[in-house]
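**Student:** My questions all concern the structure below.
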Amino acid sequence: MEFEGTVYRIMPVTKGTSARGEWQRQDVVFEMNDGSFTRKICVTFFNKPDDVARLREGATYQVSVNIESREYNGRWYTDIRAWRIQPRQQEAPAAAPMPDMPPLGEEPSYTATPAAEADDLPF
């Protein structure tokens, strides 16, 4: 799943050690505006300190996440884990027409060349 959101808050890093080795987790809260109101989404970055270091509060990003729920002791918990994040692409300015091209909407005029100029190739 993907969404576009603005970084609201970057939470502190949590570190630990498991049977597989050391791990690092950091949560980032994004604001997502869907027109009528703003929603906040907390996304987890697991072992991605370089990705979080590039984020800036107030900046807008395109975030790709995996959402997964799991049950533990009769209660359900949902994880939203980021797997890719990209800065929002600024809209490109309208392309200016090339100087040797006619303006858009105008058809170039094709006029016949005089016969003397058109037939200058040897047999």
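**Student:** Summing +1 for each Lys or Arg and -1 for each Asp or Glu, what net charge is found among the other residues whose Cβ lies under 14 Å from the Cβ of VAL52?
**Tutor:** Within the 14 Å Cβ shell, the charges total +4.
**Student:** How much area per residue is accessible in region 1-67 when the probe is 1.4 Å and only protein heavy atoms are counted (Å²)?
**Tutor:** 65 Å²
**Student:** Additional query: If we count every other residue with Cβ under 12 angstrom of ILE67's Cβ, Lys/Arg +1 and Asp/Glu -1, where does the sum land?
**Tutor:** Result for the neighbourhood of ILE67: -1.
**Student:** With the Cα gyration tensor of region 9-80 giving a ≥ b ≥ c as the square roots of its eigenvalues, does the rule (a/c under 1.5 for rounded; else a/b larger than b/c for prolate; else oblate) give rounded, prolate or oblate?
**Tutor:** oblate
The values are calculated or read from the model by the stated rules, or taken from the named source; none is laboratory data. Predicted model, so just to flag it, every value in this text is computed and none were measured. Methodologically, a virtual Cβ is constructed for each residue, glycine included, from the backbone with ideal geometry; neighbour enumeration extends over all protein chains shown. We work out accessible area using only protein heavy atoms, side chains counted, and drop any ligands, DNA or RNA first. Shrake-Rupley method; radii C 1.70, N 1.55, O 1.52, S 1.80 Å.
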